[in-house]
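Some notes on the structure that comes next.
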Amino acid sequence: MRPKRAMVLAAGYGLRMRPLTDKTPKPLLPVQGRSLLERILDRLAEAGVEEAVINLHHLGEQIEQRLSDRKKPKIRFSWEREEVLETGGGVAKALPLLGDEPFFVINGDVLWLNGYQQALHRMADAWEARQMDALLLVHSTPYAVGYEGKGDFFLAPDGRLLRRSPEEVAPFVFAGIQILHPRLFEGAPEGPFSLNRIYDRAAESETLFGLRHDGEWFHIGTPGSLKETEELFDSRDFPIVLR
């Protein structure tokens, strides 16, 4: 099973990136001349994704215009005009566009370089429909570029994810890349809510799994991390551009 649909979360205000995001939506900020969003879409096209849903709110018209001639993957937009619905609410609203099969969801502020295989192919190959409702790509916390937190998860030997307690430091951080099954959203609340509620639901049913990323990963959360990412990308190969 390799998902043919994906969602990119692009509706947020990017408050920590101000003043850069006062006039430019965060996903359109460039890294070495190409925007975060376009690099993510390039990765999805490489992985065989045919349709990508992008949620919009803050300066969303700019994203619509930038992607107006994009062919691979086919772009569909999910507007959140009244309010930002957060990660979970945004996915829940877009479910009619995503279909009944598992789909990728990617944060609009991450970049990654593949290891020995394409990360999205590794995730699709690791997906076990009878066991999993959510498969999250995780990255080693100390080696995550642009990330300064305590990590998010412990990875059990069987691949299940365990949340850290508030006083712990976890070896893995969620990389903002995942496969979700739409059945996880049955009975989901209306309005804004975090995907963390969905992860907790999957953890309770022992269907929350993780896969360790074997390449490099970059979190672009502040102007400083954007600058650091650009400097590191200077010495690395760029993703293949597919349009």
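I need the fraction of alpha carbon pairs in the stretch 1-62 separated by more than 19 Å, rounded to a whole percent. When every Cα pair of the stretch 1-62 is considered, 35 percent fall beyond 19 Å. Put a plus charge on the Cβ of each Lys and Arg, a minus charge on the Cβ of each Asp and Glu, and nothing anywhere else: the dipole of the stretch 1-46 about its Cα centre is then about 140 debye. Note on E190/Q65: beta-carbon distance plugged into 1/(1 + (r/R0)^6) with R0 of 25 Å gives a FRET efficiency of 0.25.
Using Cβ point charges alone (K and R +1, D and E -1), the dipole size of the stretch 140-198 about the Cα centre works out to roughly 80 debye.
Can you flag which of K23/K74; K4/K74; K72/K93 are past 21 Å Cα-Cα? Long pairs (Cα-Cα over 21 Å): K23/K74; K72/K93. Legend: translational diffusion of the stretch 131-239 by Stokes-Einstein, Rh = Kirkwood radius over C-alpha pairs, 25 °C, 0.890 mPa s; D = 161 µm²/s.
Taking the Cα centre of the stretch 50-114 as the origin and placing charges on Cβ (Lys, Arg +1; Asp, Glu -1), which of V110, H57, G88 is farthest toward the positive end of the dipole? Positive-end residue among those listed: V110. In a fully extended conformation the segment linking R212 and R164 would gain 15.6 nm over its present Cα-Cα distance, using 0.36 nm per residue. Computed about the Cα centre, the dipole magnitude for the chain is approximately 500 debye when only Lys and Arg (+1) and Asp and Glu (-1) carry charge, each at its Cβ. In a fully extended conformation the segment linking D125 and K227 would gain 33.4 nm over its present Cα-Cα distance, using 0.36 nm per residue. Listed by chain and number, the aspartates and glutamates placed with their C-alpha closer than 20 angstrom to that of K71 are E38, D42, E46, E50, E51, E61; residues fewer than eight positions away on the same chain are left out. Averaging the Cα positions of each part gives two centres, and for the stretch 1-71 and the stretch 82-132 these lie 14 Å apart. The residues of the stretch 155-228 have, on average, 48 Å² of accessible surface per residue, using a 1.4 Å probe with all protein chains present.
Using a 1.4 angstrom probe on heavy atoms only, work out the carbon and sulfur share of the accessible area of the chain in %. Using a 1.4 Å probe with all protein chains present, the chain comes out at 48 percent carbon and sulfur.
Each principal axis of the chain carries a Cα extent, and these read 42, 38, 33 Å when sorted largest first.
In the full protein context, the stretch 1-84 carries 47 Å² of accessible surface per residue, based on a 1.4 Å probe and ignoring ligands, DNA and RNA. In this rough spin-label picture, where each label sits 7 Å from Cα along the Cβ direction, the V84-E50 distance is 3.3 nm. Per-residue ellipticity at 222 nm computed for the chain from its helices equals -7000 deg cm²/dmol, with DSSP H segments shorter than 4 residues left out and the rest contributing -39,500 (n - 2.57). Positive end of the dipole of the stretch 1-52 (Cβ unit charges, origin at the Cα centre): among M1, L15, P30, the Cα lying farthest that way belongs to L15. Applying 1/(1 + (r/R0)^6) with R0 = 35 Å to the Cβ-Cβ distance of E148 and E204, what FRET efficiency is obtained, to the nearest 0.05? Efficiency for this residue pair is about 0.75.
The values are calculated or read from the model by the stated rules, or taken from the named source; none is laboratory data. From a predicted model like this one, the values you see are computed outputs, not experimental measurements. In this analysis, Cβ positions are derived from the backbone assuming ideal geometry, glycine residues included, and neighbour counts consider all displayed protein chains. Surface areas here come from the heavy atoms of the whole protein model, side chains and all, with no ligands, DNA or RNA. Shrake-Rupley method; radii C 1.70, N 1.55, O 1.52, S 1.80 Å.
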